[in-house]
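Colleague: Here it is: the structure, laid out below.
We did not get these values from a lab; they are worked out from the coordinates using the rules stated. Because the structure is predicted, anything quoted here is derived from the model rather than measured. Glycine gets a Cβ as well: all are built from the backbone with ideal geometry, and neighbour counts include every protein chain shown.
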Amino acid sequence: MKKLICLLLVLFMINNVGYSQESDDWIYVGVSKGGDRMYVKSSYVSKDEGVVTIWVKQYAKKKTFTTRGKSATYTNVSVLTLYQVDCDQTKINSKSMYIYNAGGILLKSIKLEDYESNWTDVIPDSMGEALFNKVCELFRE
């Protein structure tokens with residue numbers, strides 16, 4: 001019994017070490033109504049005239065993407081998205097996305113060309129607003 005308790009304690013400690021390493025690089029933004037968790041990278045890619053370019057990680061139970069008229073649905077994935085956040089104009093824009101399965105294998109990459117990318121208004125009470133607020137709080141000049 002003591003060995004089992006020690007084993008469980010060691011596994012718990014290993015799990016917490018892995019989590020704390022991730023939290024050093026990624027800052028928690030929030031959780032969606034569907035249970036998806038969102039994080040922003042602790043450092044930005046670039047910052048120019050109120051626009052912050054930053055990586056965002058989302059753990060999603062179910063995610064559907066549509067590109068060029070074709071839809072694909074993925075379950076239990078992590079999605080890395082390169083976002084631009086315009087803190088002055090209250091708008092966000094995604095530049096590229098990379099979808100990974102639970103084992104870390106790349107399932108799909110989507111790179112949006114300038115003509116495909118689309119600046120959108122930040123919708124109140126949404127994960128987009130939580131992302132916008134966190135990025136502008138951390139990195140706005």
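Colleague: Where in segment 39-54 does the label zone of SER96 land, with the point 7 angstrom along Cα→C-beta and an amide N cut-off under 13 Å?
Modeller: Answer for segment 39-54: 54.
Colleague: Can you pull the Rg over Rh of segment 26-139, Cα-only, Kirkwood?
Modeller: 0.94
Colleague: Let's test the formula: R0 of 25 Å, r as the Cβ-Cβ distance of ASP88 and TYR28. What FRET efficiency results, to the nearest 0.05?
Modeller: 0.50
Colleague: Check which residues have an amide H placed less than 5 Å from LYS91's amide H, if you skip close sequence neighbours.
Modeller: Sorted by chain and number, the residues that satisfy this are ASP86.
Colleague: In angstroms, what radius of gyration and Dmax does segment 99-141 have, counting Cα atoms only?
Modeller: 14.5, 38
Colleague: Return the loop-located trypsin sites (Lys or Arg not before Pro) in segment 38-104 (DSSP other than H, G, I, E, B) with at most 10 other Cβ atoms within 10 Å of their own Cβ; answer none if there are none.
Modeller: Taking segment 38-104 and a limit of 10 other Cβ atoms within 10 Å, the loop trypsin sites (Lys or Arg not before Pro) found are ARG68.
Colleague: Please go through the residue pairs LYS33/LYS57; LYS47/LYS70; LYS57/LYS91; LYS70/LYS134; LYS33/LYS111; LYS41/LYS91 and name each one whose alpha carbons sit more than 24 Å apart in this structure.
Modeller: Pairs exceeding 24 Å: LYS47/LYS70; LYS70/LYS134; LYS33/LYS111.
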